[in-house]
Amino acid sequence: MPEHTAPQVAVIGGGPSGLMAAEALSLVGVQVDVYDAMPSLGRKFLLAGIGGLNITHSEDYTAFCARYGDRRPQLQAMLDRFPPEALQAWVHGLGIETFVGSSGRVFPMQMKAAPLLRAWLHRLRSAGVRLHARHRWLGWDADGALRLANPEGEISLKPQATVLALGGASWPQLGSNGAWVPWLQARGVEIAPLQSANCGFEVAWSRHLRDKFAGEPLKSVALTFTDTQGRTERRQGEMVVSARGVEGSLIYAFSQRLRDCLNAHGSATFSLDLAPGRSAERVLAELGRPRGPRSLSSHLQSRLGLAGVKAALLHEILDKQQLADPAALAAAIKALPLTVRAPFPLADAISTAGGVSFDSLDSNLMLTALPGVFVAGEMIDWEAPTGGYLLTACFATGLHAGLGVRDWLK
């Protein structure tokens, strides 16, 4: 792009945060150009929506905000500016209807991200936002200009303001690879180490369990974990036994606390209730019934409905003496200890913890070390569970950064 058409504001990153910042600025007449490294914009957004795009959550707003943990104080003003109800209204404004699922999660009626993204990009183009795919940011040159590589070579830009919305480092094949970290650190920006969030965890399974049960879902189980602060939580749900360990929605709900425990102690152990619908007394009573010539596996299935991967986990964790002792077996069915060794790698995580410290930002998400440079989305040091919380905060921080640029330009 020739120098004379340089944008008033450059947004680096064409995901939800960057596009929301661009929209906020276009509405007040600012010329915005969005640059994305991939062949098309919103790649991670599209992939996240393949199984059903979870836009936000309908739970009580106070409970909703609590999902952001120790980053709630920093995010509260941004969430208040664009709460779940406002996000739903914004989606409706794109001509996309939504519905609330049985879990309280909010989805587009078509369950897909593509129609929403198409309508949004059309509206942005109509508002004068210029969208540039295949433009990879390379940092700044010696004069402070943005360096961007495109198929024709390298260009440099000096916009009046810049919004960085580069994502974290999960799913790097879709563009968010964390390459920005050293470039910001070199300019005095404090970065908390990037870590896996909403991720699976490694367990040292036996070869038998890996070969026979990898990929099997664990349905109707309850997980109990005591974190490094001494807080104990029990939650019922589903998870998956994989070749490397454990993953799935129930594990993701505890991922931050499991990761913190691993960082502090080198290991983390939680307990699984394999029969949450039965009391410990009932489990023990059922195990105590005569089983005659039946095997233990047949007895577990007929008396308690425990078979397949649930029974395999009992054999994996308990020794022969414990399996033969009804009291020990009953206790394990209600609280089977599982120890995880490490989170799955960043590239395999759903999202990223760590990033640009809030101490490096002013109240408008501008980098104090780099006046005129704002950040938004997952590259900031916050995290949230799946269930619509991630996307809501990405939209909210994008809007906040865009409005921050507007105020700064004035």
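Say we look at the range 269-290 and pick out the residues that are touching a Pro at 6+ places or on another chain (Cβ under 6 Å) and under 13 Å from Phe225 (Cα atoms); which of these is least open to solvent (accessible area, probe 1.4 Å)? Let's see the steps before the verdict.
The first filter runs over the range 269-290 and keeps only residues touching a Pro at 6+ places or on another chain (Cβ under 6 Å), leaving 269, 271, 287-288.
Now drop any that are not under 13 Å from Phe225 (Cα atoms), which leaves 269, 271.
Working: Thr269: 70, Ser271: 29 Å².
Only one residue fits best here, namely Ser271.
For Pro16, which of the numbered conditions (1) under 18 Å from Arg105 (Cβ atoms); (2) touching a His at 6+ places or on another chain (Cβ under 9 Å) fails to hold?
Here Pro16 meets the rest and fails (2).
Could you grab me the full set of residues in the range 217-239 that are buried (at least 16 other Cβ atoms within 10 Å of the Cβ) and under 15 Å from Ser255 (Cβ atoms)?
Leu223, Phe225, Asp227, Gly237, Met239
If you scan the range 91-101, which residues turn out to be open to solvent by 30 Å² or more (accessible area, probe 1.4 Å) and either free of Cβ contacts under 8 Å to residues at least 24 places away in the same chain or within 18 Å of Gly398 (Cβ to Cβ) (or both)? Full working, then the answer.
Taking the range 91-101 as the starting set, the residues that turn out to be open to solvent by 30 Å² or more (accessible area, probe 1.4 Å) are 92-93, 95, 97, 99-100.
Passing the criteria: His92, Gly93, Glu97, Phe99.
List, please: which pairs have Cβ atoms under 8 Å, are six or more places apart or on different chains, and start with a residue in the range 103-127 that is within 24 Å of Tyr61 (Cβ to Cβ) and end with one that is assigned to a helix (DSSP H, G or I)?
Pairs that qualify, where the first residue is within 24 Å of Tyr61 (Cβ to Cβ) and the partner is assigned to a helix (DSSP H, G or I), are Val106/Pro84; Val106/Gln88; Pro108/Val91; Pro108/Pro115; Pro108/Leu116; Leu116/Val91.
Could you figure out which of (1) open to solvent by 80 Å² or more (accessible area, probe 1.4 Å); (2) closer than 22 Å to Val28 by Cβ isn't true of Leu87?
(1)
How many of the residues in the range 242-257 are aliphatic (A, V, I, L, M) and open to solvent by 30 Å² or more (accessible area, probe 1.4 Å)?
As a first pass, look at the range 242-257 and keep what is aliphatic (A, V, I, L, M): 243, 246, 250-251, 253.
Keeping just the survivors that are open to solvent by 30 Å² or more (accessible area, probe 1.4 Å) gives 243.
Result for the range 242-257: 1.
Run down Ala149, Ala142, Ala119 and say which single residue is under 29 Å from Gly355 (Cα atoms) and either at pLDDT 95 or above or not in a loop (DSSP other than H, G, I, E, B) (or both).
Working: Ala142 fails: either at pLDDT 95 or above or not in a loop (DSSP other than H, G, I, E, B) (or both); Ala119 fails: under 29 Å from Gly355 (Cα atoms).
Result: Ala149 is the single residue among Ala149, Ala142, Ala119 that is under 29 Å from Gly355 (Cα atoms) and either at pLDDT 95 or above or not in a loop (DSSP other than H, G, I, E, B) (or both).
Output the qualifying pairs, or none if there are none: Cβ atoms under 7 angstrom, residues six or more apart or on different chains, first residue in the range 74-87 and assigned to a helix (DSSP H, G or I), second residue open to solvent by less than 40 Å² (accessible area, probe 1.4 Å) and hydroxyl-bearing (Ser, Thr, Tyr).
Between residues of the range 74-87 that are assigned to a helix (DSSP H, G or I) and residues that are open to solvent by less than 40 Å² (accessible area, probe 1.4 Å) and hydroxyl-bearing (Ser, Thr, Tyr), the close pairs are Leu75/Tyr68; Met78/Thr397; Pro84/Thr56; Pro84/Thr392; Leu87/Thr56; Leu87/Thr392.
For the range 258-268, which residues satisfy the criterion of being under 16 Å from Cys199 (Cα atoms) and either open to solvent by 60 Å² or more (accessible area, probe 1.4 Å) or out of contact with any Cys (no Cβ under 7 Å at 6 or more places or on another chain) (or both)? Break it down stepwise before answering.
Here is the first cut: in the range 258-268, the residues under 16 Å from Cys199 (Cα atoms) are 258-263, 267-268.
Once the filter is applied, which keeps residues that are under 16 Å from Cys199 (Cα atoms) and either open to solvent by 60 Å² or more (accessible area, probe 1.4 Å) or out of contact with any Cys (no Cβ under 7 Å at 6 or more places or on another chain) (or both), the range 258-268 yields Leu258, Arg259, Asp260, Cys261, Leu262, Asn263, Ser267.
Go through the range 214-232 and count every residue that is of a type in the set (A, V, I, L, M, F, W, C) and under 16 Å from Ala312 (Cβ atoms). Steps first, answer last, please.
In the first step, residues of the range 214-232 are kept if they are of a type in the set (A, V, I, L, M, F, W, C); the result is 214, 218, 221-223, 225.
Now drop any that are not under 16 Å from Ala312 (Cβ atoms), which leaves 214, 218, 221.
Number of matching residues: 3.
Please enumerate the residues belonging to the range 329-344 that are touching a Leu at 6+ places or on another chain (Cβ under 7 Å) and assigned to a helix (DSSP H, G or I).
Leu329, Ala330, Ala332, Ile333
Condition check ((1) over 17 Å from the mean Cα position of the chain (by Cα); (2) over 30 Å from Lys158 (Cβ atoms)) across all residues:
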residue: Gly15; (1), (2): no, no
residue: Ile50; (1), (2): no, yes
residue: Ala77; (1), (2): yes, yes
residue: Ala86; (1), (2): yes, yes
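The values are calculated or read from the model by the stated rules, or taken from the named source; none is laboratory data. Predicted model, so just to flag it, every value in this text is computed and none were measured. All Cβ positions, even for glycine, are placed from backbone atoms using ideal geometry, and neighbour counts span all protein chains on display. Accessible surface is based on the protein model in full, side chains and every heavy atom, while ligands, DNA and RNA are left aside. Shrake-Rupley method; radii C 1.70, N 1.55, O 1.52, S 1.80 Å.
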